[in-house]
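Only one structure is covered here, and it is reproduced in the block below.
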């Protein structure tokens, strides 16, 4: 995903191509139940596709995410990137809601227009206690990334 051009194929590693630990429907329902008041827990995001170790999310446009100049805010993109990583981690390890972000780095590459955002996440390394991954965030209908996220999640030892 370091490349700024979109590809329509999934990563070729066995981890990404395998069936996810939870179905898209199961994960969406569990997120809604666990986080009933959180907008990020699927409220304004749709899990478009889910595979073991990765996902593609669509964050629907909301004018509250705009900043001066008519662009979506960095905070909006950071929240999307973090949530996409959470979904990717859960797709690989199953329902472990206490998995938490330990590190998140984001590079803002260009200003996204007011509109939906697409985030595609994939795990790079999955260990017993840590998961490392990356997220490419694009404006809907664009091949160019607007942001690139790398993140590490801590996985509770009692899974």
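Out of 53, 65, 81, which single residue is in contact with a helix residue (DSSP H, G or I) (Cβ under 6 Å, 6 or more places away or on another chain) and on the phi < 0 side of the Ramachandran plot?
Only one candidate passes the filter, namely 65.
Which residues, taken from region 29-60, are at pLDDT 75 or above, outside any strand (DSSP E or B) and surrounded by fewer than 18 Cβ atoms within 10 Å (Cβ to Cβ)?
In the first step, residues of region 29-60 are kept if they are at pLDDT 75 or above; the result is 29-36, 44-60.
So of that shortlist, the ones also outside any strand (DSSP E or B) come out as 29-36, 44, 52-53, 60.
Of everything in region 29-60, those that are at pLDDT 75 or above, outside any strand (DSSP E or B) and surrounded by fewer than 18 Cβ atoms within 10 Å (Cβ to Cβ) turn out to be 29, 30, 32, 33, 34, 35, 36, 60.
Pull up region 1-28, narrow it to residues that are exposed (fewer than 13 other Cβ atoms within 10 Å of the Cβ) and part of a helix (DSSP H, G or I), then point me to the one that is modelled with the lowest pLDDT.
Filtering first and then ranking leaves 14.
Does residue 101 satisfy the criteria of being modelled with pLDDT of 95 or more and touching a strand residue (DSSP E or B) at 6+ places or on another chain (Cβ under 8 Å)?
Details: modelled with pLDDT of 95 or more: yes; touching a strand residue (DSSP E or B) at 6+ places or on another chain (Cβ under 8 Å): yes.
In short, yes.
The values are calculated or read from the model by the stated rules, or taken from the named source; none is laboratory data. It should be emphasised that the depicted structure is a prediction, and the values quoted were computed from it without experimental measurement. Heads up, the Cβs are rebuilt from the backbone with ideal geometry, glycines too, and the neighbour counts pull from every protein chain shown.
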